[in-house]
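Novice: After the structure tokens below, expect a handful of questions from me.
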Amino acid sequence: MCFVGGIWYIVTVGVIAFCFGGPSPVNAAFCTDFFGPKNAGTNYGVLMLALGLSSVFFNFMSKKVLGGAITPTFIMAAVTAVISIICMLIIRKYLPSAEKKD
């Protein structure tokens, strides 16, 4: 979003808005697959608590550390998204369901 303008900005916002609801159901399934169904509710609660804390933390980072500027905030979000993708690729090999498919 930092480097597009005009109609491509609207298209980018549309793609992001379309993908926004995806992580919530995936997080529940991931949590249950990775930690098991025994304590799925508690584990998912901790996962959602971490999501809430990160929302507050990254808003603080954007405002205080980055000065509230839009471009560095989007770059910070992109970097953390790439880190998340790398973590998911690493964790994937430890999931029981991934072992059955390979």
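Novice: Restricting the range 62-84 to residues that are more than 18 Å from Phe3 (Cβ to Cβ) and either touching a helix residue (DSSP H, G or I) at 6+ places or on another chain (Cβ under 7 Å) or of a type in the set (Asp, Glu) (or both), which is surrounded by the most Cβ atoms within 10 Å (Cβ to Cβ)?
Specialist: So, considering only residues that are more than 18 Å from Phe3 (Cβ to Cβ) and either touching a helix residue (DSSP H, G or I) at 6+ places or on another chain (Cβ under 7 Å) or of a type in the set (Asp, Glu) (or both), the one surrounded by the most Cβ atoms within 10 Å (Cβ to Cβ) is Ser62.
Novice: Restricting attention to the range 85-102, report how many residues are aliphatic (A, V, I, L, M) and modelled with pLDDT under 65.
Specialist: Quick first cut of the range 85-102, residues aliphatic (A, V, I, L, M) only: 85-86, 88-91, 95, 98.
Narrowing further to those that are modelled with pLDDT under 65: 98.
So the count comes out to 1.
Novice: Also, quick follow-up: Go through the range 36-46 and report how many residues are exposed (fewer than 15 other Cβ atoms within 10 Å of the Cβ) and part of a helix (DSSP H, G or I). First the steps, then the outcome.
Specialist: Just the residues of the range 36-46 that are exposed (fewer than 15 other Cβ atoms within 10 Å of the Cβ), to begin with: 36-39, 41-42, 45-46.
From the residues that got through so far, the ones that are part of a helix (DSSP H, G or I) too are 41-42, 45-46.
Going through the range 36-46 one residue at a time, the tally reaches 4.
Here's the yes/no breakdown for (1) under 15 Å from the mean Cα position of the chain (by Cα); (2) without any contact (Cβ under 8 Å) to a residue 60 or more places away in the chain; (3) part of a loop (DSSP other than H, G, I, E, B):
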| site | (1), (2), (3) |
| --- | --- |
| Cys2 | no, no, yes |
| Val11 | no, yes, no |
| Asn27 | yes, yes, no |
| Cys31 | yes, yes, no |
| Phe34 | no, no, no |
| Ser55 | yes, yes, no |
| Phe60 | no, yes, no |
| Lys64 | no, yes, no |
| Phe74 | yes, no, no |
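Novice: Can you say whether Ser54 is at pLDDT 80 or above, under 20 Å from Met88 (Cβ atoms) and of a type in the set (S, T, N, Q), as far as the supplied structure shows? First the steps, then the outcome.
Specialist: Details: at pLDDT 80 or above: yes; under 20 Å from Met88 (Cβ atoms): yes; of a type in the set (S, T, N, Q): yes.
In short, yes.
Novice: Mind checking which residues of the range 13-25 are closer than 24 Å to Lys93 by Cα and loosely packed, with under 10 Cβ neighbours inside 10 Å? Full working, then the answer.
Specialist: First, pick out the residues of the range 13-25 that are closer than 24 Å to Lys93 by Cα: 22-25.
Across the range 13-25, the qualifying residues are Gly22, Pro25.
The values are calculated or read from the model by the stated rules, or taken from the named source; none is laboratory data. It should be emphasised that the depicted structure is a prediction, and the values quoted were computed from it without experimental measurement. A quick note on method: Cβ atoms are made from the backbone with ideal geometry, for glycine too, and the neighbour counts reach across all protein chains shown.
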